[in-house]
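**Student:** One structure coming up, written as structure tokens, with questions to follow.
The values are calculated or read from the model by the stated rules, or taken from the named source; none is laboratory data. The shown structure was predicted, so the numbers you read here are calculated from the model rather than taken from an experiment. Here Cβ is always computed from backbone atoms with ideal geometry, including for glycine, and neighbour counts include all displayed protein chains.
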């Protein structure tokens, strides 16, 4: 499925990259320079801290506990 907006963005991006011979450092420097020239304020947030995962319970064989059992020992054969 072709989207004309996506196609246009890709054409513009490719034309911009071609001006710098697809050199990522040069493209980045140009973008940063354009940000300065624009006079707009660009905000950068610090990276989010990853929350630690909860401790996983050890894996083991699943036990079937009959209704009314008072403990797991009662369910073991």
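**Student:** Can you pull out the residues in the stretch 1-30 that are modelled with pLDDT of 95 or more, loosely packed, with under 10 Cβ neighbours inside 10 Å and in a loop (DSSP other than H, G, I, E, B)?
**Tutor:** Of everything in the stretch 1-30, just one residue is modelled with pLDDT of 95 or more, loosely packed, with under 10 Cβ neighbours inside 10 Å and in a loop (DSSP other than H, G, I, E, B), namely 21.
Rundown of residues vs (1) assigned to a loop (DSSP other than H, G, I, E, B); (2) at pLDDT 85 or above, yes/no style:
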position: 43; (1), (2): yes, yes
position: 54; (1), (2): yes, no
position: 60; (1), (2): yes, no
position: 69; (1), (2): yes, no
position: 73; (1), (2): no, no
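**Student:** If you don't mind, another one. Is there any pair linking a residue in the stretch 31-51 that is surrounded by fewer than 10 Cβ atoms within 10 Å (Cβ to Cβ) to one that is in a helix (DSSP H, G or I) and at pLDDT 90 or above, with Cβ under 6 Å and at least six apart or on different chains, and which?
**Tutor:** Partner pairs satisfying both residue conditions: 42/35.
**Student:** Moving on. Only one of (1) exposed (fewer than 10 other Cβ atoms within 10 Å of the Cβ); (2) at pLDDT 90 or above; (3) in contact with a helix residue (DSSP H, G or I) (Cβ under 8 Å, 6 or more places away or on another chain) is not met by residue 64, so which one is it?
**Tutor:** It fails just one condition, (2).
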